[in-house]
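Down below is the structure, laid out as structure tokens.
The values are calculated or read from the model by the stated rules, or taken from the named source; none is laboratory data. All of these numbers come straight from a predicted model, not from anything done at the bench. Please note: Cβ atoms are built from the backbone with ideal geometry, for glycine as well, and neighbour counts cover all protein chains shown. In case anyone asks, the SASA skips ligands and DNA or RNA and just uses the protein heavy atoms, side chains included. Shrake-Rupley method; radii C 1.70, N 1.55, O 1.52, S 1.80 Å.
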Amino acid sequence: MRNPFSGVRSLYARRPIPVILGAVIVVLCFLWGTSPGWQAATLRLAVPIALAAIGGIFAEKSGVINIGIEGLLIVSAFSSIIVTYWLGAGESTLAISHHWWGLLAGVLVSTLFAFLFAIVCIEFKADQIIAGLALWLIALGLAPFISRIVFNSPNTAGVGRFEDVTIPLLSDLPLIGHLLFDTPPQVYIMLGAIAVGWYVFNRTSFGRWVVASGENPKALDTAGVDVRKVRYAAVILSGVFAGLGGAGFALGYLETFAGGGDTAMQGRGFIAIATYLLANYHPIGALGGAFLFAGLDALQIRLQTAGYAVPTELIRTVPHMTVIVVLVLIGRTRLPEAAGENYESGED
Amino acid sequence: MRRRFERLLRRLLRASVLERIAISIAALVASMLIGVVLVFVAGGFASCRVGLDVAGWTFCYNPMQVYYELFLGALGHPLEAGWHPLNFWMAKTLQQTTLLIFTGLSFAVAYRAGLFNIGTQGQLVVGSLTTAVTVLYAAAVVPGGLVGMLILIPLGVLAGAVAGGFFGAIPGALKAYGGANEVITTIMLNFIAVGITSTLLSWKFQDPNSSNPKTAPVPEYAEIPTIPYVGFDDSVSFSLLALAFAVALMIGITWLLTRTSFGYELRTSGTQPEAAAYGGVDEKRMTVASMTLSGAIGGIAGAFWVLMVHGNWLKNVPALGFDGIAVSILASNNPLGIGVSALLFGTLESGSQNISTATDVPPELVGILSGLIILFVAMPEFFRMIGGRYVDVGNRDPVRADGGETAGDDGGEADA
């Protein structure tokens with residue numbers, strides 16, 4: 001079956017400038033035609049999806065399918081909230097607001113979990129899908145477990161949110177000024193991470209190693225690069241990015257962590273996986289996909305608050321249904337050749 | 001020559017079954033050990049009046065006590081005076097075991113066909129609401145008493161199976177004909193199942209006499225009966241008949257997988273998709289069929305949850321489907337092994353309710369433990385390395401030399 005998106009891709013390869021211009025025009029039309037509140041909500045809701053997707057791209061491109069990315073979002077969101085709470089929300093240490101220390105803690109915890117996942121998958125050759133599933137289930141139990149010890153409830157106390165960062169002059173730009181330059185810090189982190197991701201994959205030798213490690217580890221090995229180290233680095237990077245996403249979302253949007261049921265992350269890690277599959281592992285495409293799902297999410301929240309007589313529970317499933325539709329449309333995305341397989345140097 | 005080869009194969013197969021049992025037990029022990037550390041450390045952050053004082057830091061939880069309550073509490077404290085085998089906690093344990101056999105089988109059937117059905121939870125949710133609604137509507141036209149019971153219970157179970165099977169067929173068809181990865185679609189369908197059922201509930205099926213989100217109770221005679229004198233008393237929602245049905249289904253699935261051509265096709269399409277296709281197995285149809293079967297078993301789990309445990313459908317469905325994944329993986333997806341591992345997880349589940357009443361430790365501990373068990377079972381290499389350090393695993397090296405490369409492959413877990 002032909003991939004319906006391959007046309008767009010080959011068009012982009014042949015004529016990049018008109019395609020980019022067209023995309024800019026489409027984006028501008030959206031900016032002009034939709035309400036600023038919905039745009040701002042979309043931008044904030046895209047944070048965990050886009051960052052987790054970038055992380056997922058690194059891991060999967062290197063040959064390690066990290067389906068536990070939802071678990072990384074959960075642990076980072078939870079630990080960032082709880083560290084901010086312990087330090088005292090609204091205060092600061094060493095002239096740095098405790099929200100930022102919380103963010104750092106969230107990223108560290110998520111990175112630690114990703115490192116353990118890397119050991120399990122690379123050192124002990126675990127089945128990556130099952131190990132990822134286990135990572136998710138452990139996080140799903142761990143967050144409410146600790147929350148109950150500290151707060152006597154699966155939900156944490158509120159810690160407030162990051163203050164918006166306003167960049168003078170740029171924030172006065174029409175249309176995008178208020179949206180992009182007068183916005184909470186996690187949005188800058190997201191945009192920066194996308195740029196970093198794009199740069200690493202397209203302009204650095206590490207990026208090429210990651211791709212080679214997923215496509216043809218043997219060739220990479222022959223070229224004298226340690227496949228294991230590349231995979232470790234890629235999986236750890238997925239922990240860093242997912243940590244930024246989870247902690248940034250928790251401290252910049254949620255302000256608290258609900259540990260019941262699917263937790264406050266509500267499967268955004270899995271939506272991120274669908275997002276990078278949709279974007280065929282392209283960081284900028286992943287940002288676009290994150291906007292798509294975040295926009296749907298923002299829309300359903302606005303429909304709920306606007307008091308339309310539509311059942312809210314059903315609307316809440318719209319992003320999830322979209323994931324399925326997207327997967328069916330682009331289901332034939334080619335995984336990296338060696339994704340899901342363990343590689344051992346010296347075997348043949 | 002050939003006979004010697006066959007004998008060698010048979011010995012290997014037996015060794016691998018033993019090895020899997022050993023790995024499962026080792027995984028269990030390893031996760032318990034991590035649990036001990038976790039509980040102890042967590043106790044340092046909790047607040048309490050009495051605890052273990054170490055260097056000015058009070059550790060509130062005693063891991064030994066937690067595990068005592070977890071395992072022996074789940075059996076009703078057999079070491080204490082006045083214990084009776086048919087006690088309340090025992091019934092709770094067996095009740096959970098019954099439900100987990102179904103959800104474990106649901107995951108295992110799909111896994112044997114090479115598919116990850118993470119959606120048992122959603123299939124259970126959809127199946128259970130269908131069961132409750134079907135029985136409620138049918139009860140209006142069916143006579144009461146024994147006749148009603150004999151009609152309504154099979155009807156309810158069938159309704160749950162059909163709805164769950166349909167909900168399982170969706171990701172199967174999406175995988176077969178759209179190429180959509182079933183891991184993601186089934187997880188998404190779990191969220192969708194919650195959305196659909198709560199919408200349906202508030203739209204039509206909400207019990208008008210209750211402020212909680214739930215359906216009206218099914219008539220008393222539609223609940224799965226306990227056997228008088230032999231079984232547990234009526235105050236606990238557990239029926240030996242239900243457990244017997246679960247065990248029968250377990251044996252039935254084993255028979256289906258090992259003795260029928262359908263089972264053969266299912267297993268080969270899981271372990272050797274190319275060979276199966278070469279041998280004339282329609283892989284797409286097999287994908288849909290195995291996901292449908294898997295979903296139907298998930299739906300049956302939902303039917304028993306409604307007809308045995310609650311007597312109505314509640315919006316907060318417990319995470320039986322996810323626990324089923326752990327049950328099945330611990331049993332290395334062997335239908336008969338699922339009985340043992342469901343009993344273990346049933347104990348953990350009922351024990352977790354016991355630790356939340358008898359200790360201050362959060363019951364979410366059990367969720368962490370089951371995640372850890374899955375993690376450890378996923379990495380047999382870990383235990384092989386540890387084991388190889390202390391025991392001389394003599395016959396492994398020659399095995400490695402001719403076919404050792406597959407040791408870490410996913411094909412290894414899928415056949416048994």
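Please compute, for the alpha-carbon atoms of the stretch B:150-209, the extent along each of the three principal axes and give them in descending order in Å.
So the three principal-axis extents are 44, 29, 14 Å.
In chain B, which longest range has no chymotrypsin sites (Phe, Trp or Tyr not before Pro) that are both DSSP loop (not H, G, I, E or B) and surrounded by at most 15 other Cβ atoms within 10 Å? Write down the numbers at each step before the final one.
Working: sites that count: B:83, B:229.
Of all site-free stretches, the longest is B:230-416.
Positive end of the dipole of the protein assembly as shown, charges at C-beta (+1 Lys, Arg; -1 Asp, Glu), about the Cα centre: which of B:302, A:266, B:172 has its Cα farthest in that direction?
Farthest along the dipole direction, towards plus: B:172.
Over the stretch A:211-253, what lengths in whole Å, largest first, do the semi-axes of the equivalent ellipsoid take, defined as the square roots of 5 times the eigenvalues of the alpha-carbon gyration tensor?
Its equivalent ellipsoid spans semi-axes of 32, 8, 5 Å.
With a 1.4 Å probe and all protein chains left in place, how much of the accessible area of the stretch B:272-383 comes from carbon and sulfur atoms, in whole percent? Walk me through the intermediate numbers first.
Numbers: 1900 of 3360 Å².
Answer for the stretch B:272-383 is 57 percent, counting heavy atoms of protein chains only.
Could you tell me which of B:258, B:197, A:96 has its Cα farthest along the dipole of the protein assembly as shown towards the positive end, charges placed at Cβ (Lys, Arg +1; Asp, Glu -1), taken about the Cα centre?
So the residue furthest toward the plus end is B:258.
Can you work out the FRET efficiency for the pair residue B:275 and residue A:94, with r the C-beta to C-beta distance and R0 = 56 Å, to the nearest 0.05?
On the way: r = 63 Å, r/R0 = 1.13.
Approximately 0.30, to the nearest 0.05.
Based on a Kirkwood Rh over C-alpha pairs, give the Stokes-Einstein translational diffusion coefficient of chain B at 20 °C and viscosity 1.002 mPa s in µm²/s.
Working: Rh = 23.0 Å.
Here the translational diffusion coefficient equals 93 µm²/s.
What residue among B:343, B:115, B:256 shows peak mean-square fluctuation when chain B is described by a Gaussian network model with Cα springs under 10 Å?
B:256
Tell me the accessible surface of residue B:38 in square angstrom (1.4 angstrom probe, heavy atoms of protein chains only), to the nearest ten.
Approximately 50 Å² for this residue.
Scattering from the C-alpha atoms of the stretch A:222-311 alone, worked out with Debye: what is log10 I(q)/I(0) at q = 0.16, 0.17 1/Å?
Here the Debye-derived log intensity ratios amount to -0.85, -0.93.
So, for the protein assembly as shown, what is the accessible surface per residue at a probe of 1.4 Å, expressed in square angstrom? Before the final figure, lay out the partial values.
Details: 33500 Å² over 764 residues.
Accessible surface, normalised per residue, equals 44 Å².
Please get the size of the charge dipole for the stretch B:235-342, origin at its Cα centre, with Cβ charges of +1 on Lys and Arg and -1 on Asp and Glu, quoted in debye to the nearest 20. Please list the in-between numbers first.
Working: 5 positive and 5 negative charges, 37 e Å.
That gives a dipole near 180 debye.
To the nearest 100 Å², how much accessible surface do chains A and B cover up together, summed over both, with a 1.4 Å probe? Show your work: numbers first, answer last.
Working: alone 16690 and 21070 Å², together 33500 Å².
Answer for the A-B pair: about 4300 Å² buried.
Could I have the simple spin-label model distance between residue B:65 and residue A:203, label points 7 Å from Cα toward Cβ, reported in nm to one decimal?
Once both label points are built, they end up 6.0 nm from each other.
Who wins for biggest fluctuation among B:367, B:114, B:179 in a Gaussian network model of chain B, springs between alpha carbons below 10 Å?
For chain B, modelled as a Gaussian network with Cα springs under 10 Å, the answer is B:179.
Before rounding to the nearest 500, sum -39500 (n - 2.57) across all DSSP H runs of length at least 4 in the protein assembly as shown and divide by the residue total; then give [θ] at 222 nm in deg cm²/dmol. Could the numbers behind the result be given before it?
Numbers: 31 runs with 510 residues, N = 764.
Taking each H run of at least 4 residues, the total per residue is -22000 deg cm²/dmol.
Determine the distance separating the Cα centre of the stretch B:334-369 from the Cα centre of the stretch B:153-226; give it in Å without decimals.
25
Whole angstrom only: what separates the Cα centroid of the stretch A:183-220 from the Cα centroid of the stretch B:272-299?
Answer, in whole Å: 38.
Run the 1.4 Å probe and let me know the accessible area of residue B:48, rounded to the nearest 10 Å².
Only protein atoms counted, so the area is about 50 Å².
Just need the relative contact order of the stretch A:31-159 here, percent rounded to a whole number, with Cα pairs under 8 Å and 6+ apart. Write down the numbers at each step before the final one.
Working: 121 pairs, mean separation 36.0, N = 129.
About 28 percent, as a whole number.
If you place +1 on the Cβ of every Lys and Arg and -1 on the Cβ of every Asp and Glu, how big does the dipole about the Cα centre of the protein assembly as shown come out, in debye to the nearest 20?
Numbers: 43 positive and 49 negative charges, 299 e Å.
Charge dipole of the protein assembly as shown: 1440 debye, to the nearest 20.
Within the stretch B:286-314, what residues put their amide N at less than 15 Å from the label point 7 Å along the Cα-to-Cβ vector of residue B:147?
Zone members listed by number: none at all.
Which number do you get for Rg(Cα) / (2.2 N^0.38 Å) in the protein assembly as shown?
My calculation over the Cα atoms of the protein assembly as shown gives 0.97.
Determine how many Å³ per residue the convex hull of the Cα atoms of the stretch B:192-296 encloses. Walk me through the intermediate numbers first.
Numbers: hull volume 17.3 nm³, N = 105.
Per-residue hull volume (Cα only) is 165 Å³.
Which whole-number percent gives the relative contact order of chain B, counting Cα pairs below 8 Å spaced six or more residues apart?
About 29 percent, as a whole number.
What residue among B:238, B:272, B:215 has its Cα farthest toward the positive end of the dipole of the stretch B:180-282, where the charges are +1 on Lys, Arg and -1 on Asp, Glu, each on the Cβ?
Farthest towards the positive pole: B:272.
With +1 on each Lys and Arg Cβ and -1 on each Asp and Glu Cβ, and nothing else charged, work out how big the dipole of chain B is about its Cα centre, in Debye to the nearest 20.
Values: 23 positive and 28 negative charges, 181 e Å.
The dipole magnitude comes to about 860 debye.
In nm, what is the difference between 0.36 nm times the number of residues separating residue B:360 and residue B:25 and their Cα-Cα distance? Don't skip to the end; give the middle numbers.
Working: separation 335, 0.36 × 335 = 120.60 nm, distance 2.79 nm.
Result for the pair: 117.8 nm of gain on full extension.
Divide the volume of the convex hull of the Cα atoms of the stretch B:179-226 by its number of residues and quote the answer in cubic angstrom per residue. Write down the numbers at each step before the final one.
Details: hull volume 6.9 nm³, N = 48.
Given the Cα convex hull of the stretch B:179-226, per-residue volume reads 144 Å³.
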